[in-house]
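Chemist: Once you've had a glance at the structure underneath, I'll fire off some questions.
The values are calculated or read from the model by the stated rules, or taken from the named source; none is laboratory data. All figures in this text were calculated on a predicted structure; none of them were measured in a lab. Cβ coordinates were reconstructed from backbone atoms using ideal geometry, including for glycine residues, and neighbour counts include every protein chain displayed.
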Amino acid sequence: MGEIEQMKKEAEALKTQIEAARKAVHDTDMASAASGVAPAPRVQLKTRRTLKGHLAKIYAMHWSTDNRLMVSASQDGKLLIWDSHSGNKVNAVPLKSSWVMTCAYAPSGNLVASGGLDNMCTVYNLKTPVIKTVKELDAHTGYLSCARFLSDTEVLTASGDTTCALWDLETGKQKTVFLNHVGDCMCLSLSPDMNSFVSGACDSLAKLWDIRDGQCKQTFLGHTSDINAISFYPGGNAIITGSDDCTCKMYDLRADQEVISYQDAALNSGVTSLALSMSGRLIFAGYDDFNCNIWDSLKGEKVGVLSGHDNRVSCTGVPPDGMCVCTGSWDSFLKIWN
Amino acid sequence: MSSNSAGGLVSLQKSVKQLRFEAGIRRIKVSQAAAELKAFCLQNAHKDPLLMGVPSSDNPFRPPKSCALF
């Protein structure tokens, strides 16, 4: 019993030490540092496309690296591949399980993946004459909330079983398991240099991981509820999170702490999704209240809103060339704005 | 966390090990971090289509001004 008490005391002392170390470098915050920056222009984007085709709630979408194709996932049991320029459907992938929560496009454009309440990540080859299932990645003991391809041979997943995992697509096995969260993992984002990733979970923490050695390198506190969305800031030195506590936050990795919070007393809906403009200046955050709010990431001010969906905005995405933003909703439509 | 003391101890040991690791990292001042984030953002602003606006001639989501009527 004595050893447990000893360990608990040490854990508390370390937490206090970390808090003090963070305070010691907290000589300002982002909004104060950006007080001299000219406000971002009022952002008024128009719907350029409304993509109709899904028959039920859309849960996820992901752009291809070609800036034109995108994949969306709906609980109608389908993945749809869209040509965003024409608005046409290029492919439909029927899913074995309709309880899908995530989808992903491989950087090569050759593969897409989906996963959800089946606890599996299924990978499909789009380039074979008929779309084929390449692998079923089956080892998580909880739902699959997010998947991202590193390449055609490696996939990262986040799961309701509180772990994230790196999979080898050739063997179908987990190469590395990332263990540290104590709540369902809800989202992940790869660093621009692909050496690390961040995860957000229902334990209200965001964590930074080394992809190769599996080590949790940093833990970010501040949210008071589930973190549903997470993204690296371009440049890779900061991350943005979105939570059921109705706020988004920016954490700087090198200062190891929250540097600004994006919130408004009038906003009392949870954040479901987020995406950043190319420079990082604009944050597009989807909320349960059917809107997507646009935030100035440096000054912390709301600079616009995308209204048009008739139900919760469940997913948002900006293609690599930054030319537009896509929102997907429980109303079964995707909209492209710029 | 497990309620049986053996499981609880192992779990605690892992937590302490992780906390020790996290406590040991080097942190830079927020003023320096914020300055660099700000600089990155501002340097890349002119390339950001959603921030600068997309002229319709370059907008793949907008038809060109002249339309042929059939």
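Chemist: So for segment A:38-45 (the condition being under 28 Å from residue B:37 (Cα atoms), part of a loop (DSSP other than H, G, I, E, B), without any contact (Cβ under 8 Å) to a residue 24 or more places away in the chain and not basic (Lys, Arg)), does at least one residue qualify?
Modeler: Narrowing segment A:38-45 to residues under 28 Å from residue B:37 (Cα atoms): A:38-45.
If we keep only those that are part of a loop (DSSP other than H, G, I, E, B) as well, we get A:38-45.
Right, trim to without any contact (Cβ under 8 Å) to a residue 24 or more places away in the chain and you get A:38.
Still in the running and not basic (Lys, Arg): A:38.
Checked against the condition, which is being under 28 Å from residue B:37 (Cα atoms), part of a loop (DSSP other than H, G, I, E, B), without any contact (Cβ under 8 Å) to a residue 24 or more places away in the chain and not basic (Lys, Arg), segment A:38-45 yields at least one hit.
Chemist: Under 6 Å by Cβ, and 6 or more places apart or on different chains, what pairs join a residue from segment A:18-33 that is within 17 Å of residue A:249 (Cβ to Cβ) and touching a residue at least 60 places away in the same chain (Cβ under 8 Å) with one that is polar (S, T, N, Q) and surrounded by 14 or more Cβ atoms within 10 Å (Cβ to Cβ)?
Modeler: A:22/A:257
Chemist: Can you tell me which residue is nearest to residue A:332 (Cα to Cα) among those in segment A:46-78 that are among the β-branched types (Val, Ile, Thr) and assigned to a strand (DSSP E or B)?
Modeler: Residue satisfying both the conditions and the ranking: A:58.
Chemist: Among the residues of segment A:193-215 satisfying the criterion of being within 13 Å of another protein chain (Cβ to nearest Cβ) and in a loop (DSSP other than H, G, I, E, B), which is surrounded by the most Cβ atoms within 10 Å (Cβ to Cβ)?
Modeler: For segment A:193-215, the residue satisfying everything is A:205.
Chemist: Can residue A:74 be described as surrounded by fewer than 18 Cβ atoms within 10 Å (Cβ to Cβ), over 30 Å from residue B:12 (Cβ atoms) and among the polar types (S, T, N, Q)?
Modeler: Here the answer is no, as residue A:74 does not meet what is asked.
Chemist: Is one or more of the residues making up segment A:293-301 more than 10 Å from every other protein chain (Cβ to nearest Cβ), of a type in the set (Gly, Ala, Ser), farther than 18 Å from residue B:62 by Cβ and in a strand (DSSP E or B)?
Modeler: No: zero hits.
Chemist: Going residue by residue through segment B:2-24, is there one that turns out to be closer than 16 Å to residue A:321 by Cβ and either facing chain A (nearest Cβ under 7 Å) or at pLDDT below 95 (or both)?
Modeler: No: zero hits.
Chemist: Working only within segment A:216-259, note down all residues that are of a type in the set (D, E, K, R) and either in a loop (DSSP other than H, G, I, E, B) or more than 7 Å from every other protein chain (Cβ to nearest Cβ) (or both).
Modeler: Matches in segment A:216-259: A:217, A:226, A:244, A:245, A:249, A:254, A:256, A:258.
Yes/no per residue for (1) at the interface with chain B (Cβ under 9 Å from one of its Cβ atoms); (2) of a type in the set (A, V, I, L, M, F, W, C):
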{"position": "A:2", "(1), (2)": "no, no"}
{"position": "A:5", "(1), (2)": "no, no"}
{"position": "A:9", "(1), (2)": "no, no"}
{"position": "A:26", "(1), (2)": "yes, no"}
{"position": "A:30", "(1), (2)": "yes, yes"}
{"position": "A:55", "(1), (2)": "no, yes"}
{"position": "A:59", "(1), (2)": "no, no"}
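Chemist: On to the next question. Could you list, in sequence order, all residues of segment A:265-315 that are closer than 24 Å to residue B:37 by Cα and touching a residue at least 60 places away in the same chain (Cβ under 8 Å)?
Modeler: A:281, A:282, A:294, A:296, A:297, A:298, A:299, A:300, A:301, A:303, A:304
Chemist: Could you look through segment A:40-53, keep only residues that are in contact with a Ser or Thr (Cβ under 9 Å, 6 or more places away or on another chain) and more than 10 Å from chain B (Cβ to nearest Cβ), and pick out the one that is nearest to residue B:59 (Cα to Cα)?
Modeler: A:51
Chemist: Separate question: Being closer than 23 Å to residue A:233 by Cβ, β-branched (Val, Ile, Thr), out of contact with any His (no Cβ under 9 Å at 6 or more places or on another chain) and buried (at least 24 other Cβ atoms within 10 Å of the Cβ): is that true of residue A:271 here?
Modeler: yes
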